Amino acid sequence: MANELGVRAMSLYNHIERKEDLLDLMFDEVVQQMVVDEPLPDGWRDAIIAIAQRQREVLLRHPWMVELAARRPQVGPNALKHGEQSLAAACRLDVGMKVAAHIVTAVDHYMTGYFIRERLLRDKQHGEGEGSVIEPYMREMLATGRFPYLARANEESVDPQESFEEGLGWLLDGIERQYGR
């Protein structure tokens, strides 16, 4: 943000009183990237998939967003637009607003949880974060033979995009089974 204004980072505090205000502005600026260009794909399912995939892409570029969102609610204009777009997609299923909000919440929770796990795995692969610290312990424990399923799962290579799409598909299949017409 400081670069866009042509100023040093700390000089932003001459224009913005509190650090929290700056963080709110930064958050809302990045949320703008989560909004899918109109028109959304046809159908509730394709629209929700497009929104969730965009949200995941943005979070992978800006992982600090999850921690910031966990601190307190974010309600800037772009966050409201993202929420509106998500609800509009869910309402295409021809459900009431309460169910649409539950659908959006379920997809957001899946997406956020998946992102956190994916980020931990990426850090581990790059020798960063907590994953790199526990890796020797995990190898030792899996070598004992006491955890055959975990050992086999650990040997399998997983494509994060494919895994994300498959899990999201399972979630949407359940929603469609319950509310589809």
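The values are calculated or read from the model by the stated rules, or taken from the named source; none is laboratory data. What you see is a predicted model; the values in this text were computed from it and never measured. Using ideal geometry, Cβ is built from the backbone for each residue, glycine included, and neighbour counts are taken over all protein chains shown. Accessible surface areas use protein heavy atoms only, side chains included; no ligands, DNA or RNA. Shrake-Rupley method; radii C 1.70, N 1.55, O 1.52, S 1.80 Å.
Quick notes on this structure:
- Meets criteria (open to solvent by less than 30 Å² (accessible area, probe 1.4 Å), over 17 Å from Ile175 (Cβ atoms) and not polar (S, T, N, Q)) for Arg72: no
- Each residue in the stretch 135-157 was checked for being under 28 Å from the mean Cα position of the chain (by Cα) and either exposed (fewer than 10 other Cβ atoms within 10 Å of the Cβ) or touching a residue at least 24 places away in the same chain (Cβ under 8 Å) (or both), and 4 of them qualify.
- Restricting the stretch 83-97 to residues that are outside any loop (DSSP other than H, G, I, E, B) and open to solvent by 20 Å² or more (accessible area, probe 1.4 Å) leaves a set whose member that is nearest to Glu118 (Cα to Cα) is Gly83.
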